[in-house]
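The values are calculated or read from the model by the stated rules, or taken from the named source; none is laboratory data. Bear in mind the structure is a predicted one, so any value in this text is a computation, not a measurement. Here the Cβ positions follow ideal geometry from the backbone for every residue, glycine too, while neighbour counts run over all protein chains shown.
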Amino acid sequence: MKRRRFRWLKTGAAGGVVLLIAGFIFPTWTPPINGPTSISTLEQIHINGTKLEVMIRGVDRTNPLVIFVHGGPGCSEIPYVRKYQDLLEQHFTIVHYDQRGSGKSYHFFEDYSNLSSDLHVDDLLALTDYVTEQLGQEKALLIGHSFGTYIGMKAAGRAPDKFAAYIGIGQVSDTVQSEKDSLDYTMNQAKQANNWGDVNKLEALRGAIEQGKQLTPRYLVRKYGGAARLIDDNMDYYAGFLLNREYNLLDVFRYVRGVSLSQDILIAEEKNRNITEIVTRLEIPAYFVMGQYDYMTSVRAARAYFTTIQAPVKDFVVFDQSAHYPQFEEEERFADWLNQTSSELGL
């Protein structure tokens, strides 16, 4: 009996090892979209001296081109974004890419000592040239999310001829002011909930936050609804890592390594080089799209930045049910807004 049980344990352990190895090497792809002019690709592309993972999806490759720049820093949205973009795929050709050193674009033996937002801008502009040429389009709509707006604003400012318009979702602005807003909001919510332990933690960090030395703890901003209200963004990642075809276990490991690498370098850069002083004018239409309850990048700080930006056309759009992810939390409204905006731009 003991010998048989030991045999079963050995078999189970061996099976577990096989499954683990399979999870690490399992091929990845993005599901096809039916239609003679559709596109659904997921591949590594040589861009600006590195290889970037690029996902392109849409029912008609001749539809207006949209390039999304993910935030984090280092937080690819490829693992789960298909869940929220089926409506967009009907009217746009959507490009997502893992930034240099992030997600599937993290390469174990590559030197990232020169990583910076300017290098990310170089990559983005080179990628834009690549996809517009491949798809036979003149320009793209550029959409940044969260830290991706820091990269996106700089790219739009440097090369406006490549883009039809700039859209910043969860737009970064004056980091210190945004963090003060986050602190005040999270503190008030904790007090209302009588969570005095959280109040004391936040109060102890007040000086460092107000001096720009530390961010308001993201787990507390998230706990009190300042990150997402209509979705579970963390669970979207977990489900995407486990169930979606675009990532395997090795890619998850790359993702974790990339987040650590990118955030250590780029958050410090964002604090020290305020985007409000770097980009003060755009030569293309500019739209800031914010969730009313966003305290990862506060609405008040974003609006203050918006009032100073010079652009031929600009609009500040607030989604009143959302926090940091209005494009996901209010998916249908965002798709309608983007369709309308694209039409107004003549795309």
Quick check on my filter: what residues within the range 317-347 are among the hydroxyl-bearing types (Ser, Thr, Tyr) and out of contact with any Gly (no Cβ under 9 Å at 6 or more places or on another chain)? THR341, SER342, SER343
Checking GLY212 against (1) surrounded by fewer than 17 Cβ atoms within 10 Å (Cβ to Cβ); (2) modelled with pLDDT of 95 or more, which single condition isn't satisfied? (2)
Please work out if SER105 is at pLDDT 95 or above and within 19 Å of VAL256 (Cβ to Cβ). yes
Residues GLY226, GLY197, GLY170, GLY240: which one is buried (at least 16 other Cβ atoms within 10 Å of the Cβ) and out of contact with any His (no Cβ under 8 Å at 6 or more places or on another chain)? GLY240
Here's a check for you: in the range 255-270, which residue that is buried (at least 18 other Cβ atoms within 10 Å of the Cβ) and of a type in the set (Gly, Ala, Ser) is nearest to LYS104 (Cα to Cα)? GLY258
List, please: which pairs have Cβ atoms under 8 Å, are six or more places apart or on different chains, and start with a residue in the range 306-332 that is at negative phi and surrounded by fewer than 17 Cβ atoms within 10 Å (Cβ to Cβ) and end with one that is polar (S, T, N, Q) and not in a strand (DSSP E or B)? THR308/THR276; THR308/THR280; GLN310/THR280; VAL318/GLN292; ASP320/GLN292; GLN321/GLN292
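Residues checked against (1) among the basic types (Lys, Arg); (2) in contact with a strand residue (DSSP E or B) (Cβ under 7 Å, 6 or more places away or on another chain); (3) assigned to a helix (DSSP H, G or I):
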position	(1), (2), (3)
GLN90	no, no, yes
VAL95	no, yes, no
LYS104	yes, yes, yes
ASP111	no, no, no
ASN114	no, no, no
HIS120	no, no, yes
LEU125	no, no, yes
TYR130	no, yes, yes
Going by the structure shown, is SER102 free of Cβ contacts under 8 Å to residues at least 60 places away in the same chain and small (Gly, Ala, Ser)? no
Please indicate, with yes or no, whether at least one residue in the range 173-181 is in contact with a Gly (Cβ under 9 Å, 6 or more places away or on another chain), aliphatic (A, V, I, L, M) and surrounded by 13 or more Cβ atoms within 10 Å (Cβ to Cβ). yes
Meets criteria (closer than 24 Å to GLN99 by Cβ, surrounded by fewer than 20 Cβ atoms within 10 Å (Cβ to Cβ) and of a type in the set (Ser, Thr, Tyr)) for TYR219: yes
Considering only residues that are surrounded by 17 or more Cβ atoms within 10 Å (Cβ to Cβ) and in a helix (DSSP H, G or I), which ones fall in the range 271-293? ILE275, THR276
Here are ASP315, ASP336: which of them is farther than 21 Å from GLU77 by Cβ, among the acidic types (Asp, Glu) and not in a loop (DSSP other than H, G, I, E, B)? ASP315
Name the single residue that is farthest from HIS96 (Cα to Cα) among those in the range 226-247 being of a type outside the set (D, E, K, R), in contact with a Phe, Trp or Tyr (Cβ under 8 Å, 6 or more places away or on another chain) and part of a helix (DSSP H, G or I). ALA239
Considering residues that are without any contact (Cβ under 8 Å) to a residue 60 or more places away in the chain, under 18 Å from the mean Cα position of the chain (by Cα) and closer than 26 Å to LYS201 by Cα, the number found within the range 216-245 is 5
